[in-house]
Amino acid sequence: NVVDEANLKISNNPTNGYVLSAQSGNTGGLTWVEAGGGDFVKLATTTLGSNATTITFSSSLITTTYDNYFITGYMLGTEDNRFVQSRLLTGGSIQTGSEYQYAVGSLNSSDYGVSQGSDFWAMHRSGCGNATGEGAGFNMWLQNPMVSSIPTTFTSQFSTRNDNGLFIGSSSSGWYKVVQANNGIAIFFSGGSVKSGSTLSLYGITK
């Protein structure tokens, strides 16, 4: 006659200091999450133990519980002069059609790029180096991915260091032309793989 953690259906194991959060679609509809200080709820951190094609946050994390998400971290590629890009997932499948619109500009100069119909979102200017101390650190807001009546958009700020050791700051934003629920996002490099040690965290913003 005791209701304790062992008698509840929860999708993951407990961690000291974590709180229970309602997560539709997860086992029992409950998940232990790190306390987010009111508005931010930490949903996951992915730190690669080996090289990978993408870092993906999928439908177990991108749900109707939140309208907006925040992604932050650092990525290093296996190849020189490559760019961080992203694509949405719909129904668990990565969307590769020419439905992505974006604008991106360098904070160092007048270098910019824009597309009204690409098959990915471009997110920064100047390719990243792949040596220790190079790569990309960034913050990204993903807006309304699971709101089927509102377009999915993003905004981001990037700090990158290229293969010449030069620092480049970039701002970017993007729009997905198909108005639908998108239950995931894949973040990757324009060539090669994401190197071991790269780490990204995903937060949900409470409504």
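The values are calculated or read from the model by the stated rules, or taken from the named source; none is laboratory data. Since this is a predicted model, take the numbers as computed values, not measurements. Using ideal geometry, Cβ is built from the backbone for each residue, glycine included, and neighbour counts are taken over all protein chains shown. Just so you know, the surface numbers come from the protein's heavy atoms only, side chains and all, with ligands and any DNA or RNA stripped out. Shrake-Rupley method; radii C 1.70, N 1.55, O 1.52, S 1.80 Å.
Here is a check on your reading of the model: is residue 63 part of a strand (DSSP E or B) and either open to solvent by less than 40 Å² (accessible area, probe 1.4 Å) or not basic (Lys, Arg) (or both)?
no
Being open to solvent by 20 Å² or more (accessible area, probe 1.4 Å), at pLDDT below 95 and of a type outside the set (Phe, Trp, Tyr): is that true of residue 109 here?
Details: open to solvent by 20 Å² or more (accessible area, probe 1.4 Å): yes; at pLDDT below 95: yes; of a type outside the set (Phe, Trp, Tyr): yes.
It is true that residue 109 is open to solvent by 20 Å² or more (accessible area, probe 1.4 Å), at pLDDT below 95 and of a type outside the set (Phe, Trp, Tyr).
Results for (1) surrounded by 15 or more Cβ atoms within 10 Å (Cβ to Cβ); (2) part of a strand (DSSP E or B); (3) among the polar types (S, T, N, Q), shown as yes or no for each residue.
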site: 6; (1), (2), (3): no, no, no
site: 31; (1), (2), (3): yes, yes, yes
site: 41; (1), (2), (3): yes, yes, no
site: 69; (1), (2), (3): yes, yes, no
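Anything in segment 56-105 that is closer than 20 Å to residue 118 by Cα and β-branched (Val, Ile, Thr)? List them, or say none.
56, 84, 90, 94, 96, 104 - these are the residues of segment 56-105 that are closer than 20 Å to residue 118 by Cα and β-branched (Val, Ile, Thr).
Rundown of residues vs (1) within 17 Å of the chain's Cα centre (by Cα); (2) crowded, with 18+ Cβ neighbours inside 10 Å; (3) part of a loop (DSSP other than H, G, I, E, B), yes/no style:
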position: 116; (1), (2), (3): no, no, no
position: 138; (1), (2), (3): yes, yes, no
position: 163; (1), (2), (3): no, no, yes
position: 168; (1), (2), (3): no, yes, no
position: 188; (1), (2), (3): yes, yes, no
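Being farther than 22 Å from residue 53 by Cβ and either open to solvent by less than 50 Å² (accessible area, probe 1.4 Å) or not charged (D, E, K, R) (or both) is the filter here; which residues of segment 170-186 pass it?
If the condition is that a residue be farther than 22 Å from residue 53 by Cβ and either open to solvent by less than 50 Å² (accessible area, probe 1.4 Å) or not charged (D, E, K, R) (or both), then 170, 171, 173, 175, 178, 179, 180, 181 are the ones that fit.
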